[in-house]
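A short worksheet on the structure shown next.
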Amino acid sequence: MKNSFITVVLFLILSNTAFANVTLPNVFSDNMVLQRNTEVKIWGWANSQEEVVVKPSWNNQEYKVKTSNQAKWEILISTPKEGGPYTISIKGYNEVVLKNILIGEVWICSGQSNMEMNASWGIENGDEAVKNATNPNIRLFLVPKLTAITPQDNLSGTWTNCTPETMKYFSAVGYFFGKRLNEELKNVPIGLISSNWGGTPAEIWMPEEVIQNDSVLLESAKTRKEEIYGPNQPARAFNAMISPITGFKIAGVLWYQGESNVGSTVYDKTLSALITSWRKLWKYDFPFYFVQIAPYKYGEDHFSGSIIRDAQRKVLQEVPNVGMVMTSDISPIDDIHPKDKKSVGIRLANLALVNTYKTNTAIVNGPLYKGITIDKNKIVVAFDFEDGLYFKDKKADLFEIAGSDNVFYKATASIKNNTVIVQSAQVKVPVKVRYAWKNTDQSTLFNKANLPASSFISE
């Protein structure tokens, strides 16, 4: 009897050793959204050399792959146009069936607290938004805050339907972006992955080797101070909160961050490196749309916030397939967490609708500095997206000009032929101009789309 018992125990141990259940990363779960009209990668783990069969219900085709000697497998499967719900069967020694899957558009929403901020924090008209948030065509995946010193294979979380309960604790900017996309794309399902952490600098959101291999970025990263809000060491959030999903096919990324990098003089290089590194890992140049930080009274330094805003503007020129929305007209200067998140989400969605989905040709950018010409004692400033330039409330007092001594004086400004002409009696031979160059400056220069101009300084 005793020997029989030992035999059974040994059999069970050996059985469990010989066969490893097929498992998936948590980003593959019931209720997920997969990117439409493309090939998506599905991956997981199983016993070495085990055959894994993936069968999606939209075409009932079997996709077969053998697990590697590292107990990993991955396979590409074709997705149809938008629709669902579907199931996917993943079968090896065991079978996993993912249910209620939609095919549509998947976006990552990342950054620091202004992207993290949700309706439970007290956003503008938040209670009404929560009450009306039920939308089975919008799915949410909330990545928990985690750190790691090396890139991870998996993270916690699961896909959920958008309901008042789930939306209330999800990125408000992300939700309003997804809601508008869903409406304008005629109910194409939208999947949103929220991976963000308040109070964090950009350096923690990119691979460590990107910073270690660039002396400028490395020196800048060393100036990041330890904060109580979250990590400041390079790559710590990236390793745990982005790296595990870099194989998951996405339409693009939304980014709202920069406040924790105020004081940096190389933020344009930092953000450009982040964008480039993510695209390298995903293996395609997806659209990357970001929010310019809002005016705010940053301590004693009058210009550090405007320097970051200008750095963000420069990224538009340095990196392809990116876009930026301005927020100076919808943000009070005494609140680093502006409550109007709906306008931010809608402006990001408008960028995507024009640039990614090409559903219309509306102007979705505020005036962006293009260049200057010197006309004797005047500077003529040219802009992109300049149609219908006007000064709101006729306030034209945010321009300053300087001569070769680099001392700036307040200038008068007037609009002519959609350019701005600036001059100052104190600068006889001007060479440079800057605009909205104080931390708290809220742009008063708008175009016909009623969008504000970005801060800038001419080089």
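Hey, could you check the stretch 107-116 for residues that are surrounded by 24 or more Cβ atoms within 10 Å (Cβ to Cβ) and either out of contact with any Ser or Thr (no Cβ under 7 Å at 6 or more places or on another chain) or at pLDDT below 95 (or both) and say which is nearest to ILE88 (Cα to Cα)? The extreme case among them is TRP107. Considering the stretch 34-64, the residues that are among the charged types (D, E, K, R) and exposed (fewer than 14 other Cβ atoms within 10 Å of the Cβ) include one that is farthest from GLU82 (Cα to Cα), namely LYS64.
Quick one: would you say PHE385 is under 25 Å from GLU184 (Cα atoms) and at pLDDT 95 or above? In short, yes. State which residue is surrounded by the most Cβ atoms within 10 Å (Cβ to Cβ) when the search covers only the stretch 288-326 and only residues that are part of a loop (DSSP other than H, G, I, E, B) and in contact with a strand residue (DSSP E or B) (Cβ under 6 Å, 6 or more places away or on another chain). Step by step, filter the stretch 288-326, then rank; the result is MET326.
Residues considered: SER277, SER272. Of these, the only one that is in contact (Cβ under 8 Å) with a residue 24 or more places away in the chain, of a type in the set (S, T, N, Q), assigned to a helix (DSSP H, G or I) and in contact with an Asp or Glu (Cβ under 7 Å, 6 or more places away or on another chain) is SER272. Within the set PRO287, PRO320, PRO332, the sole residue that is without any contact (Cβ under 8 Å) to a residue 24 or more places away in the chain and farther than 15 Å from TRP437 by Cα turns out to be PRO332.
The residues of the stretch 327-339 that are in a helix (DSSP H, G or I) and out of contact with any helix residue (DSSP H, G or I) (no Cβ under 7 Å at 6 or more places or on another chain), listed by number, are SER328, ASP329.
Scan the stretch 237-268 residue by residue and report those that are in contact with a Phe, Trp or Tyr (Cβ under 9 Å, 6 or more places away or on another chain) and either farther than 25 Å from PHE456 by Cα or free of Cβ contacts under 8 Å to residues at least 40 places away in the same chain (or both). Of everything in the stretch 237-268, those that are in contact with a Phe, Trp or Tyr (Cβ under 9 Å, 6 or more places away or on another chain) and either farther than 25 Å from PHE456 by Cα or free of Cβ contacts under 8 Å to residues at least 40 places away in the same chain (or both) turn out to be ALA237, PHE238, MET241, ILE242, ILE245, THR246, GLY247, PHE248, LYS249, ILE250, ALA251, GLY252.
Does the stretch 264-283 include one or more residues that are among the acidic types (Asp, Glu) and surrounded by fewer than 17 Cβ atoms within 10 Å (Cβ to Cβ)? No, the stretch 264-283 has no match at all.
Scanning the stretch 352-379 for residues that are among the polar types (S, T, N, Q) and touching a strand residue (DSSP E or B) at 6+ places or on another chain (Cβ under 9 Å) turns up ASN355, THR356, ASN365, THR373, ASN377. The condition of being aliphatic (A, V, I, L, M), surrounded by 15 or more Cβ atoms within 10 Å (Cβ to Cβ) and in contact (Cβ under 8 Å) with a residue 60 or more places away in the chain does not hold for LEU142.
The values are calculated or read from the model by the stated rules, or taken from the named source; none is laboratory data. These numbers were taken from a predicted model, which means no experiment stands behind them. FYI the Cβ positions are ideal-geometry reconstructions off the backbone, even for glycines, and counts take in every protein chain you see.
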